[in-house]
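J.: Let me begin by handing over the structure; questions about it come next.
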Ligand code: BG6
């Protein structure tokens, strides 16, 4: 009850001998977000002239473009944007922040970080787990809302953004929004051509037989919810025009791996072809978020011996061996940042709306059900249709 909360805050202030900043953390079922926000205003707990008042909002921020706009209208009626901290826990991960460190603290990658040298980018967020006991949430959500709209689009913006002038919240977020706004929301034909959805069937995961999605507890037997999504997007700007960016995510895949792979173009001329250098591959730079956190760069190297034969080798940096200290949990970092009033790692209003603008047409086309819902066995690398989506290129092995 708001009256009670107010009373309690006054009591806490008295106990601590001074007035404390307030941070309200909304980690409830999403239908209560607007209810709580309105109640905070009714109790006049949304602003205090002596201290900072902040509102942290968990995901999901809306379930589509319209509901996100609606929630935003409620929130902005009660709080100023500077008071609002929308959580995307991927931004709290050290390895995700390292994408910016890697790009903007090193000079050597920037000259090749564009359409002249990069062939394509693939972003993977594969999970081995199923939906566990979350059918109630997941069946209404699906992979596109659960992971692509938020976490994967965040990864995409960090790889594609221009260097910000500083790490200050709005400077970074301005650049991210520009990337999102350069992705044209797909037309229904583009959705049919550039997206794949699928659902897992039974199979073997970690040596054990596991159920298909439709046999999971709480999932309706005729559910059309996707547990896998693959997309081809393009950022229409000078840096990225013509570079396809492929995203894929799914439950019950071969293993858990979150990574961004940047594949460079092939060398323009290969001098040793006649000597049977079958192993020459374009350079690939892989930023691994989890589980083997690090960065690796594939290079062509000569196989020892009397002929000029080449094969790819890896140059690797691993967090585990380079830094002995343990990384803080994503949530530790984010909650601390919210308490300190540091908003760089939170999603701004225009950012979340831009993310939904890209996803909304896909949701609508999928809901109209005029494209196939493929299947893939649990424990596999996903549906074959996703291989066709990326062809003639290939997904990295899981
Ligand atoms: C959550 C999704 O946001 O992210 C889950 O709701 C998913 O379905 C999880 O499993 C993945 O997060 P992480 O940190 O394990 O990669």
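J.: Would you mind calculating the gained length between residue 271 and residue 101 on full extension (0.36 nm times residue separation, minus the Cα-Cα distance), in nm to one decimal?
T.: 57.7 nm
J.: Under 1.5 on a/c is rounded, so check that first for segment 222-357, then, if it is not, pick prolate when a/b is larger than b/c and oblate when it is not; a ≥ b ≥ c are the square roots of the alpha carbon gyration tensor eigenvalues.
T.: Judged from the Cα gyration tensor, segment 222-357 comes out prolate (a/c at least 1.5, a/b above b/c).
J.: Mind ordering 127-135, 201-209 by average Cβ neighbours within 10 Å, highest first?
T.: The densest-packed peptide leads the list: 127-135, 201-209.
J.: What number does the chain give for Rg over Rh if you use C-alpha atoms and the Kirkwood radius?
T.: Taking Rh as the inverse mean 1/r over Cα pairs, Rg/Rh reads 1.01.
J.: Also, quick follow-up: Suppose each label sits 7 Å from its Cα in the direction of the beta carbon; what would the residue 51-residue 12 distance come out to in nanometres?
T.: Distance between the two pseudo-spin positions: 0.7 nm.
J.: Given N residues in segment 346-398, what is its alpha carbon radius of gyration divided by 2.2 N^0.38 Å?
T.: 1.53
J.: If you line up the long axis of helix 65-78 against the longest principal axis of the chain, both from Cα atoms, how many degrees apart are they, to the nearest 10?
T.: Tilt relative to the chain: about 40 degrees.
J.: Kirkwood Rh over Cα pairs of segment 10-68 into Stokes-Einstein at 37 °C, 0.692 mPa s: D in µm²/s?
T.: 252 µm²/s
J.: For segment 293-351 and segment 62-95, what is the separation of their Cα centres, given in Å?
T.: 27 Å
J.: Between residue 44 and residue 318, what length comes free when the chain is fully extended (0.36 nm per residue of separation minus the Cα-Cα distance, one decimal in nm)?
T.: 93.7 nm
J.: Within segment 357-384, which residues have the backbone N less than 17 Å from the label spot 7 Å out from residue 192 along Cα→beta-carbon, could you tell me?
T.: Within reach of a label on residue 192: 361-374.
J.: Looking at the chain only, what percent of DSSP beta bridges run antiparallel? Nearest 5 please.
T.: Antiparallel: roughly 70 percent of the beta bridges in the chain.
J.: Take the alpha carbon gyration tensor of segment 76-165, find the square roots of its eigenvalues, order them as a ≥ b ≥ c, and report rounded if a/c is under 1.5; if not, report prolate when a/b exceeds b/c, else oblate.
T.: Oblate.
J.: From the helices alone, meaning DSSP H stretches of at least four residues, give me the mean residue ellipticity at 222 nm for the chain, per-run term -39500 (n - 2.57), in deg cm²/dmol to the nearest 500.
T.: Computed ellipticity for the chain at 222 nm equals -9500 deg cm²/dmol.
J.: What is the distance, in nm, between label points placed 7 Å from the Cα along the Cα-to-Cβ direction at residue 332 and at residue 238?
T.: Label at residue 332, label at residue 238, 4.3 nm between them.
J.: When ranked by the protection proxy of mean other Cβ atoms within 10 Å per residue, highest first, what sequence do the peptides 262-272, 236-246 form?
T.: 236-246, 262-272
J.: Calculate how steeply helix 169-181 sits against the longest principal axis of the alpha-carbon atoms of the chain, using the helix alpha-carbon long axis, and give the answer as 0 to 90 degrees to the nearest 10.
T.: Its long axis makes an angle of about 60 degrees.
J.: Let me ask something additional. Cα gyration tensor of segment 61-116, axes a ≥ b ≥ c as square roots of the eigenvalues: rounded (a/c below 1.5), prolate (a/b > b/c) or oblate?
T.: It is prolate, given that a/c is not under 1.5 and a/b is the larger ratio.
Bear in mind that the values in this text are calculations on the coordinates, not laboratory data. Note that the coordinates shown come from a computational prediction; the quantities given were computed from them, not determined experimentally. Virtual Cβ from ideal backbone geometry, glycine too; neighbours counted across all protein chains shown.
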